[in-house]
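Note sheet for the following structure.
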Amino acid sequence: MTVAWTSEQVLSLSPDAGSTKRGKALAIASKWPLLGCSNSVVWGECKGSGQKPYRTAVDLGVVGGEPAFRCSCPSRKFPCKHALGLLLLLAEQGGFASNMLPDWVAEWVEKRSHLATQKQEKKTKSAVDPALKAEQIAKKLEKRSRKVEAGLADLDQWLQDIVRQGLANLQTQPYSFWDQTAARLVDAQAPGLANRVRSLAGIPHSGQGWPERMLKALGKLHLLVQGYGNIDTLEAALQAEVRSQIGFPQTKNDLIHRAEHNDPQVQNLSDTWKVLGKFVSEEESLKMQRVWLWGTQCEKPAMVLSFAHGRRQPLDTSLMPGKTFEGTLIFYPGTGVQRAFVAERKATAKWTDEAIGFETVDSAIAQYAKALTANPWLSQFPLVLNQSYMRYHNQQWWLQDGTGDVLPIAPPFSQGWELLAMGGGRPLTVFGEWAGEHFLPLSVWSAKKFVTLGGKS
């Protein structure tokens, strides 16, 4: 072996504390009747509870790259406890005897080499002339646009049928009425519109006032259809917002490339960013997370959106509410409150107590109205209300400012009494999401103490 590994380096790869503990327990030579190495690959067979040993191999990636792991155990963790035990034993002994690769290791190494070759070939093919690449992108966009236009034509007819037949009929419609329309929009490559249509299904059963809420949601859909039909007449930022709402993809790599080439539609901001709060939702196997940031110099909010599929894929936890960092954000093209991602994170900074947000409900709602003017499809508006108090009246929680004006708290919020106790009669600074009808608190700070609230659905 040409590179020595230490126990600390090995344990830094561990996915969790349990794996660390179990890996240490397996770092005993008597548990490994077979050990070997060849170039950058180490392998071994570990005694288990069954008749057959667990076959474990690690490509240490000494010639660039990261370590890769292979084990016959059923664990889905990478590295598993057997790989950790094997590497800890390697670090302790300083190396294993060199041997010919067993067939199962040779097969794995050959497969990895083949995949690496394919990846390099794909990368080489993608490194085409910029003009040719731009032409390919334009053709792909044109093809997608034709499919979207056809899908929006069907959606427009569907909306007209609903209005012509009357909203009252919607209470008797099954879920398939909404889902079939959404599925056609997915086929038309308009996933953003499909999600909006699916969200309509619950409105007829949402209680008093549902016709008004339904009409509002249908109006936003109609506005998107008309906006896309007249997209050439819109300013560039609003064009980007309409495409984003419909579901046209925008990759981080593409936005980084556009920012590097000074695209005026892709804003690139370096600042000291406060992490104000986060909201996490889970539907079936998909988890979604919104993290809200505030730029202390640019005085601009940003929403960092992330997703995770399945139970074992974790959400990004690097942006912790109550923390501050210096870094660069790249904003997705659009209008109003914009989505962004962290392009560069330089260092953590100290949370400062300068006032941000609004002193009154009236000023907050005025700013929300301004944001809606820029983006009528805005779903959540980040709102900080200073000098506020929790109030409970008629079985409803309210957030009250110093003038007596109030915001209704969203019904799912279950920490009203806890938030009331935090204030102890003193004013609080509360951050949350205003959705036009209800406010959902996500974090609160008072007397230099920051507390993260539930923020889940």
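If you go through the range 161-190 and keep only what is open to solvent by 30 Å² or more (accessible area, probe 1.4 Å), in contact (Cβ under 8 Å) with a residue 12 or more places away in the chain and β-branched (Val, Ile, Thr), you end up with just Val163. Selection of strands (runs of 3 or more DSSP E) fully inside the range 362-457 by the criterion of at least 3 residues being within 23 Å of Lys300 (Cα to Cα) and either in contact with a Phe, Trp or Tyr (Cβ under 9 Å, 6 or more places away or on another chain) or β-branched (Val, Ile, Thr) (or both) returns 381-393, 428-434, 439-446, 449-452. In the range 337-356, which residues are part of a loop (DSSP other than H, G, I, E, B), at pLDDT below 90 and open to solvent by less than 50 Å² (accessible area, probe 1.4 Å)? Of everything in the range 337-356, just one residue is part of a loop (DSSP other than H, G, I, E, B), at pLDDT below 90 and open to solvent by less than 50 Å² (accessible area, probe 1.4 Å), namely Ile356. Candidates are the residues of the range 320-335 that are small (Gly, Ala, Ser) and under 13 Å from Trp273 (Cα atoms); the one that is surrounded by the most Cβ atoms within 10 Å (Cβ to Cβ) is Gly327. Number of residues in the range 295-311 that are assigned to a strand (DSSP E or B) and closer than 21 Å to Gln380 by Cβ: the value is 9. Within the range 403-418, none of the residues are within 16 Å of Thr429 (Cβ to Cβ), open to solvent by less than 80 Å² (accessible area, probe 1.4 Å) and acidic (Asp, Glu). Restricting the range 144-167 to residues that are more than 31 Å from the chain's Cα centre (by Cα) and among the polar types (S, T, N, Q), which is nearest to Pro249 (Cα to Cα)? This residue is Gln157.
Looking for whichever is part of a helix (DSSP H, G or I), open to solvent by 60 Å² or more (accessible area, probe 1.4 Å) and among the hydroxyl-bearing types (Ser, Thr, Tyr) here; the options are Ser199, Ser244, Ser270. Which one fits?
One residue alone meets the criteria, Ser199.
The values are calculated or read from the model by the stated rules, or taken from the named source; none is laboratory data. Nothing here was measured: the structure is a model prediction, and the numbers come from that model. Quick reminder, even Gly has a Cβ in these numbers, built from the backbone with ideal geometry, and neighbours come from all protein chains shown. Note: accessible area is taken over every heavy atom of the protein model, side chains too, but ligands, DNA and RNA are not part of it. Shrake-Rupley method; radii C 1.70, N 1.55, O 1.52, S 1.80 Å.
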